[in-house]
1. Of the options Gly239, Ser150, Phe260, report the single residue whose Cα projects farthest towards the positive end of the charge dipole of region 126-283 (beta-carbon charges: Lys, Arg +1; Asp, Glu -1).
2. Pairing the Cα long axis of helix 99-111 with the longest principal axis of the chain, what angle in degrees results, from 0 to 90 and rounded to the nearest 10?
3. Find me the longest stretch of the chain that has none of the exposed chymotrypsin sites (Phe, Trp or Tyr not before Pro), where exposed means in a DSSP loop (not H, G, I, E or B) with at most 16 other Cβ atoms within 10 Å.
4. Efficiency by 1/(1 + (r/R0)^6): what FRET value for Glu371 and Arg34, r their Cβ-Cβ distance, R0 = 51 Å, to the nearest 0.05?
5. For the pairs Lys262/Lys336; Lys106/Lys336; Lys106/Lys230; Lys167/Lys336; Lys167/Lys230; Lys173/Lys262, note any where the Cα-Cα span goes beyond 25 Å.
6. Can you give the net charge of the other residues whose Cβ lies under 14 Å from the Cβ of Gly220, counting K and R as +1 and D and E as -1?
7. Amide H of Phe66 versus every other amide H placed in the peptide plane: which residues, excluding those fewer than 5 positions away on the same chain, fall under 5 Å?
8. Less than 13 Å Cβ to Cβ from Gly316, Lys/Arg counted +1 and Asp/Glu -1: what total charge do the surrounding residues give?
Amino acid sequence: MSLTANWSYPTAIRFGAGRIIEIAEACAVAGITRPLLVTDRGLASLPVTRRTLDLMEAAGLGRAMFAEVDPNPTGANVTAGVQAFKDGGHDGVIAFGGGSGLDLGKAVAFMAGQTRPIWDFEDVDDWWTRANADAIAPIVAVPTTAGTGSEVGRASVITNEDSHEKKIIFHPKFLPTVVICDPELTVGMPPAITAGTGMDAFAHCLEAFCSPHYHPMSQGIALEGMRLVKENLPLAYAGGDNITARAHMMSAAAMGATAFQKGLGAIHALSHPIGAVHHTHHGTTNAVVMPAVLTFNRPAIEDRIAQAARYLDIAGGFDGFHDFVGGLNNALGIPKGLTDLGVEDPDIDALVASALQDPSCGGNPITLTPENTRALLLDCLRG
């Protein structure tokens, strides 16, 4: 293990119930006077969004909104969002929503001042240095789910609709200047979305914890993030108005995205191409493949998972932890396999090839090859 690494940690976070009322102040801190609120279609007409727009308007910030965002945001969504940003003469973005709204909002702020295609900034080597950093618009992020953690992330996941691949677009200035984490915005979230987004947070923490890279701060954050999910996701799933559980889940989501600076792995390497081609929910896909990936990685992570199990008060070491994950999936109504999730007649060779190209591969404890990735994917389909 190399003891040389580059570390960066999150931005200013205003955490607590009711803090959406500080949206105008957050914009002022970020230097935004004409924000474009970017969210997804499902959120566009909901009360939480209307209230935020009202708060913006009352503060003299207008109420401009762009909501043409697909569940798995695409390059076309980015292009349309950038056009709306320019047409409105905006000087910053409020990225509002779950992973799709947050990722698209950050990408719009990033691309508004660039001249190269978005795919030129994929998280490959130092491609991020191609960007004009001075032309990136400031971002205020407001998550309305507790899972992706994109509000504290330095990247967006955007689907290339031509190649049907999810691409991780990276730049350090993707990181929002101010984040408002208000758990009241997640109250009433449908149980299935609560489950899928919550398991996304757990997957981020788990893969970061298992990554072989050196990052002891992330290691500790990942472990505590798993504890928060273990103790609070079932409560949030059972009671949509449990503000305490939802607050802890919002913390766990941010912790997972902070922790995975240490790396992700096969869970995400598989879920990215599956989501891009079959349009499955990202967090739910992560949950479906998680048990099989744990088994696959067992030779490299058994002792580490046993340590986690002791901290999480799970008996039985690795086997106990594996059983806990399966039991949690069952309790949350997560499908057993990818086929049950709706992945029908998949092109196995294409999915394997895409998985092996995904940057998440680099953090998996066991090296992924065409042969073992194919076997792993088949296991995930069967469940």
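No lab work stands behind these numbers, since they all come straight from the coordinates. Bear in mind that the values here come from a model prediction, so they are computed numbers and not experimental data. Neighbour counts run over all protein chains shown; Cβ positions are idealised from the backbone, glycine included.
1. Checking the options against the dipole of region 126-283, the answer is Phe260.
2. Roughly 50 degrees, rounded to the nearest 10.
3. 8-213
4. So, using R0 = 51 Å, E works out to roughly 0.40.
5. Long pairs (Cα-Cα over 25 Å): Lys262/Lys336; Lys106/Lys336; Lys106/Lys230; Lys167/Lys336; Lys167/Lys230.
6. That works out to +2.
7. Residues meeting the amide H criterion: Leu37, Val38, Thr39.
8. -3
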